[in-house]
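Colleague: Got a structure for you, questions after.
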Amino acid sequence: MRSRWRVFLAVGAVLVAGCSGPATGPAATGSAGGASIVYAKTDGGTTFVRNYNVMGPATDKAPNAELVYEPLMRVDYSDGGVVKPWLAQSWAFSDQGRTLTIKLRTDVKWSDGQKFTADDAVYSLGLPIEKKDFSIAGVTYKSVTKVDDSSVRVTFAEPSYATLNQFANILLPMVPKHIWSTQNLNTWTNPDPVGTGPFTVKEFKPQQITLGARSDYWGGKLPMTTFKIVPTAGEALKAQLLKGELDWASAGWANGEKEYVAKDPDKHLYQLYSNGGAMSVLFNTGKAPFDDVHVRKALALTIDRTAVVTTLQRPGTEAGPTGLSEQLFGDWLDPAYKGQVQKVDADAAKAELAKGGWTIENGALVKDGKRYQPSILFNADWGWGSYADILINTWKQTLGLTVKSAGQPSAGYYDKQNLGQFDLAASSTGGASVYGVYRFLSSQYLTPIGKSATLDQGRWSDPETDKIIKAMERTDNVDELKTLGKQLQKIVVDQVPFSPIYNNFYFIDINSTRWTGWPTPQKFDAIPFPGMGPDTILTLLSLQRRGN
């Protein structure tokens, strides 16, 4: 897997501009009997909200809408993060990377039977431009126009080769113009969604959603008739998997190999797929005291990463200071940062605080007569409380600083992070390329605290960072991209807009009693992580009912 990931990982889409899609959709295997697959949603609370307005500003939405709505492209993580066709058949850049012409598939229909055309693509891509609150994918293009019934032209203000992966983002799906254009999209909840994906909403209950498989899906016939989504978490999830009540989930299991896999190695699968990113402490640099690099450095120097990964039971997965996984981005890492494991250094942290004129008094950061009592925001639905406690305790023991715990369920966590209503946040940082990892630091996504941010939740604003990211967007030269990537690594290490804790993985829990044909980390064409859109669909198409 390592060799596959390293190939072209930093350029991704640049090297496939102009590539063509397959003549037919992804092939399906298995029998289409009256069978259901049951997926356990572990980060959506205990009840679901029937809101399929996937591009609207609301944060509380129905889960797994990416099985109804699809993007134009997909990122192939089994092939170095290259962008490949999905609803788009092919594409080509022109005008030195300022113009992108996308050719659409002509065999795609909406679930109400109407044809998917360029009018739909123009409308869908135009929404984030016309309605800034709808730009949840952080789009960088400036306009989109229709060329003909199956082609659209997207224009950028500057060369933008490296930004192609935004069209593979499930947060930028294609939606039907003939339905959406008649609605007030600020208030409409779209309870009965019509999409191009393989499923429609068959039954919606607050604690179970049943999606029905389409018989006319462009990508092929699915081997199951329904896809059921149920909420669960923690120990309940483990018990349900062991009993065979669930087929599929995505949750970390600290001792999963012994407690789950060993009980039935043939059917109990616990898989980890590296995503190239890291779980990090994100600093809110838009306000004091985290607008001071000395404070950021001091806190970064006193994160006990080894204690965290030991508690996770994932030894050796401490993140390096750049936030880039060495396993996946080794060829792009500055040699100065390779093999670095960041240890707790209380003396260096105290020296940083002294350089900035800071003291710690009665557990608070103090400067110029002002006191700051920070808190750390984390997603309680991820079960991250125990890891937050490790950070909190280490800061107390090494610096005497009292940091408050501020766990929130998923909806509240994302709201506060996007609005900038936090001091520190345990946040996932990553992407399908070096540019993809760091693009969220661009100030083009900067919004004031109190206004929702699409990407730059840490409110980072640095002219040099912007200059380098823009340069990456303007080139398709691999050597130049590597040089620029190393410059960004230095900024992240020296200025610490975020501080990586441990390398991130997709955690997959499978009980294959009813379904076989699952990918493995050693051999996969798509990562079986529900929520990844095309990868989820390709996984479902590859399954077979056991015994067939």
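The values are calculated or read from the model by the stated rules, or taken from the named source; none is laboratory data. These figures come from a predicted structure and were not determined experimentally. Using ideal geometry, Cβ is built from the backbone for each residue, glycine included, and neighbour counts are taken over all protein chains shown.
Colleague: Given the structure, is residue 278 modelled with pLDDT under 95, in the same structural domain as residue 423 (by TED's automatic domain parsing) and in contact with a strand residue (DSSP E or B) (Cβ under 6 Å, 6 or more places away or on another chain)?
Modeller: Taking the combined requirement at face value, the residue satisfies it.
Colleague: Another question, then. Being charged (D, E, K, R) and touching a residue at least 40 places away in the same chain (Cβ under 8 Å) is the filter here, so list the residues in segment 260-302 that pass it.
Modeller: Of everything in segment 260-302, those that are charged (D, E, K, R) and touching a residue at least 40 places away in the same chain (Cβ under 8 Å) turn out to be 266, 267, 287, 292, 296, 297.
Colleague: Could you please let me know if residue 97 is in contact (Cβ under 8 Å) with a residue 24 or more places away in the chain, at positive phi and in contact with a Leu (Cβ under 9 Å, 6 or more places away or on another chain)? Spell out the reasoning first.
Modeller: Details: in contact (Cβ under 8 Å) with a residue 24 or more places away in the chain: yes; at positive phi: yes; in contact with a Leu (Cβ under 9 Å, 6 or more places away or on another chain): no.
No, not satisfied.
Colleague: Follow-up question, since we're still on this one. Could you check segment 55-98 and list, in sequence order, the residues that are part of a loop (DSSP other than H, G, I, E, B), of a type in the set (S, T, N, Q) and in contact with a strand residue (DSSP E or B) (Cβ under 7 Å, 6 or more places away or on another chain)?
Modeller: 64
Colleague: Determine, yes or no, whether residue 315 is out of contact with any strand residue (DSSP E or B) (no Cβ under 7 Å at 6 or more places or on another chain), under 22 Å from residue 508 (Cα atoms) and either among the acidic types (Asp, Glu) or not assigned by TED's automatic domain parsing to the domain that holds residue 457 (or both).
Modeller: no
Colleague: Just one of 365, 353, 328 is in a strand (DSSP E or B) and not β-branched (Val, Ile, Thr); which is it?
Modeller: Going through 365, 353, 328 in turn, just one is in a strand (DSSP E or B) and not β-branched (Val, Ile, Thr): 365.
Colleague: Another one. Residues of segment 494-548 being touching a residue at least 12 places away in the same chain (Cβ under 8 Å) and at positive phi, which ones?
Modeller: Within segment 494-548, 496, 517, 531, 533 qualify.
Colleague: Among the residues of segment 104-135 satisfying the criterion of being under 25 Å from the mean Cα position of the chain (by Cα) and of a type in the set (S, T, N, Q), which is surrounded by the most Cβ atoms within 10 Å (Cβ to Cβ)?
Modeller: Ranking the candidates gives 124 first.
Colleague: Before we move on, is residue 386 surrounded by 15 or more Cβ atoms within 10 Å (Cβ to Cβ), under 30 Å from residue 40 (Cβ atoms) and of a type in the set (Ser, Thr, Tyr)?
Modeller: Spelling it out, it is not the case that residue 386 is surrounded by 15 or more Cβ atoms within 10 Å (Cβ to Cβ), under 30 Å from residue 40 (Cβ atoms) and of a type in the set (Ser, Thr, Tyr).
Colleague: Taking only pairs six or more apart or across chains, which ones have beta-carbon atoms under 6 Å, a first residue in segment 142-164 that is more than 12 Å from residue 104 (Cβ to Cβ), and a second residue that is part of a strand (DSSP E or B) and at pLDDT below 95?
Modeller: 164/83
So that you can scan it fast, the table gives a plain yes or no per residue for (1) in contact with a Gly (Cβ under 7 Å, 6 or more places away or on another chain); (2) outside any loop (DSSP other than H, G, I, E, B):
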| site | (1), (2) |
| --- | --- |
| 272 | no, yes |
| 278 | yes, yes |
| 282 | yes, yes |
| 287 | no, no |
| 290 | no, no |
| 302 | no, no |
| 308 | no, yes |
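Colleague: Hey, could you check segment 408-432 for residues that are under 25 Å from residue 366 (Cα atoms) and in contact with a helix residue (DSSP H, G or I) (Cβ under 7 Å, 6 or more places away or on another chain) and say which is surrounded by the most Cβ atoms within 10 Å (Cβ to Cβ)?
Modeller: Per the stated criteria, the residue is 422.
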